[in-house]
């Protein structure tokens, strides 16, 4: 006695319900993923498009470099406004005006000094890194994700030499990239 299994026909209505159910599961899954993650993905793609020729360094690579006492630390250039700097910055960084000429920003650094630029998310520091490269500085890297990603990973931040945990959000729009616990209040305009 042979048993032949024949596929069961599914009605169009059942297919529609199945598709609707799968769509709902997909929407729910995407909703559970942080919109912040999608924002970061899109932002990083945009930055890579705008500053594709830049050398980049990840927050993990920079943290490892700074922890390696056998290696000279890079010069950290914070390319943000005084108001942003006053909330927090990376330990050992020095602030430079976002519009500064590369030679002014670099000061008396040798052309082959290791330099890492950062700002809030990477646009202003990317522009500064470009200017530094054009001025002949050969070891310039832009911190991918800049201080926002650094803070989101709960890496060290300081203000007046004291450890702090919050970052200036730049604006309500950009501040949404910061985890709530590291986002300082948006300053009034």
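Report every pair of residues separated by at least 6 positions or lying on different chains whose Cβ atoms are under 7 Å apart, first residue within segment 58-72 and surrounded by 12 or more Cβ atoms within 10 Å (Cβ to Cβ), second assigned to a helix (DSSP H, G or I) and at pLDDT 95 or above.
59/149; 59/150
If you go through segment 131-142, how many residues are loosely packed, with under 15 Cβ neighbours inside 10 Å and either without any contact (Cβ under 8 Å) to a residue 24 or more places away in the chain or part of a helix (DSSP H, G or I) (or both)?
1
So which residues in segment 143-189 are assigned to a strand (DSSP E or B) and buried (at least 17 other Cβ atoms within 10 Å of the Cβ)?
If the condition is that a residue be assigned to a strand (DSSP E or B) and buried (at least 17 other Cβ atoms within 10 Å of the Cβ), then 143, 157, 167, 183 are the ones that fit.
When you go through (1) free of Cβ contacts under 8 Å to residues at least 60 places away in the same chain; (2) out of contact with any strand residue (DSSP E or B) (no Cβ under 6 Å at 6 or more places or on another chain); (3) surrounded by 22 or more Cβ atoms within 10 Å (Cβ to Cβ); (4) closer than 19 Å to residue 92 by Cβ one by one for residue 124, which number turns out not to apply?
(4)
The values are calculated or read from the model by the stated rules, or taken from the named source; none is laboratory data. Here the structure is a predicted model, which is why all the values come from computation and not from measurement. Because the Cβ atoms are built from the backbone with ideal geometry, glycine has one as well, and the counts that use them run over all protein chains shown.
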